[in-house]
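Undergrad: First, the structure itself, so that you have it in front of you.
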Amino acid sequence: MTTSIKQLLIFDAVVKTRSYTRAAEKMKISQPAVSQHIRLLERLAPSSLFDRKGRDFQLTTVGIAFHQHVQKVLLHYNNLTVCMEEMRTVHKGNIAISAATTANHFMAHMLADFSRHNEGIKFSLDITNRASLVRQLHDYAPDFVVMGEPPEKLNLSSEIIMRNPLVLIANAKHPLTKMSNIVLKDIIDEEFILREKGSGTRAAIERHFKKKRYRFKVASEMGSNEAIKHAVEAGLGLSIVSLHTIKLELEAYKLVILDVKSLPIMRDWYIVTSKGKRLSPAAKAFRKYILEQAPVYIDGYKQYYPSSS
Ligand code: PGA
């Protein structure tokens, strides 16, 4: 026979109320049920748990030792239920997320907003490029990954968060800013600054030009969108970047989106999890939050979004 938590709670109630009747009331069961559970517990003990003298009873030496252990078990049991409750109400927990370098801006904002309402949740956010995210998904590392395009060969589940237009940018003084309906042929002699190999943005640009049968000149490669923005702003060349990385520069008129016929390259942002990975309530809540907030975030870019998107 095994002892149940319920039996331990009944025993504890009898000890604390010193009465089978009050213990029965406290546990919301009948008095005979209390007696039955105590009898079952006593079968486990080497001798009686209580010394009975008429209606009065005291814990025996065995009963005292037993009760000390029961209290420890019930304390752990209580901690367990509290912990489960906290996890259910999503105010506690750790979330490990990895996101594409290019998603850094919106992820940081969404994370900050979510954290303000969920102070007990601790985050780790790894910002890295697509190649490294694919490796992480392979190893089941993060709770989820935010990236453009889930890799096809892995067993993943993914949800689209929002659109991700890749736009051609120049500094505000560039002669092309005065032109409209630019075609790819007009820009193939321009110097391009691109992200490092392994970047999803870079791969999407290369695919797009290949499909259109155009080549472009790579003047330099840079490992971050920040570096690219500074380089373009300084006049080192043009670049194609996610619209979600350049809001401040557009507002300050430091960078300009060029009006090119076959651009933007329309991509999507995804939340990706390894199939079979069980998300904690906190991670689930943050994923839901990202999906809910995406339209609000997109709204802030409305004026810059190409009409086709
Ligand atoms: P990246 O991200 O260019 O920063 O690698 C975009 C993506 O995941 O496709």
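Undergrad: Could you check the spin-label model distance between residue 74 and residue 94? Points 7 Å from the Cα along Cα→Cβ, value in nm.
TA: 3.3
Undergrad: If you don't mind, there's one more thing I want to ask. Using a simple spin-label model with points 7 Å from Cα along the Cα→Cβ vector, what separation in nm is obtained for residue 185 and residue 113?
TA: Placing both labels 7 Å along Cα→Cβ, they lie 4.5 nm apart.
Undergrad: Find the all-direction average of the projected area of the Cα convex hull for the range 63-184, expressing the result in square nanometres with one decimal place.
TA: Value for the range 63-184: 13.2 nm².
Undergrad: Report the net charge of residues surrounding residue 51, where surrounding means a beta-carbon distance below 15 angstrom and charges are Lys +1, Arg +1, Asp -1, Glu -1.
TA: My count for the surroundings of residue 51 gives +2.
Undergrad: Another question, if that's okay. Could you give the length gained by full extension between residue 135 and residue 303, i.e. 0.36 nm per residue of separation minus their alpha carbon distance, to one decimal place?
TA: 56.9 nm
Undergrad: Continuing with this model, one more query. Could you state the accessible area per residue of the range 43-192 in Å², with a 1.4 Å probe and every protein chain left in place?
TA: 59
Undergrad: Next up: Can you check how the C-alpha radius of gyration of the range 172-297 compares to 2.2 N^0.38 Å, as a plain ratio?
TA: 1.26
Undergrad: Give, to the nearest whole percent, the P(r) tail of the chain beyond 31 angstrom, counting all Cα pairs.
TA: 51
Undergrad: Over the Cα atoms of the range 41-135, each weighted equally, I'd like the Debye log10 I(q)/I(0) at q = 0.22, 0.24 Å⁻¹, rounded to two decimals.
TA: Rounded to two decimals, the profile gives -1.06, -1.14.
Undergrad: May I pose another question? Treating the angle as unsigned and between 0 and 90°, give the value, to the nearest 10°, between the Cα long axis of helix 61-88 and the longest Cα principal axis of the chain.
TA: It is inclined by approximately 20 degrees.
Undergrad: Treating each Cα of the range 185-236 as an identical point scatterer and ignoring solvent, apply the Debye formula and state log10 I(q)/I(0) at q = 0.18 Å⁻¹.
TA: So the normalised log intensities work out to -0.59.
Undergrad: Restricting the count to DSSP beta bridges whose residues both fall in the chain, what percent are antiparallel, rounded to a multiple of 5?
TA: Taking every DSSP beta bridge with both residues in the chain, the antiparallel ones total about 60 percent.
Undergrad: Tilt of helix 200-211 relative to the longest C-alpha principal axis of the chain, in degrees (0 to 90, nearest 10)?
TA: 40
The values are calculated or read from the model by the stated rules, or taken from the named source; none is laboratory data. Since this is a predicted model, take the numbers as computed values, not measurements. Cβ sites come from the backbone with ideal geometry, for glycine too, and all protein chains shown count toward neighbours. Note: accessible area is taken over every heavy atom of the protein model, side chains too, but ligands, DNA and RNA are not part of it. Shrake-Rupley method; radii C 1.70, N 1.55, O 1.52, S 1.80 Å.
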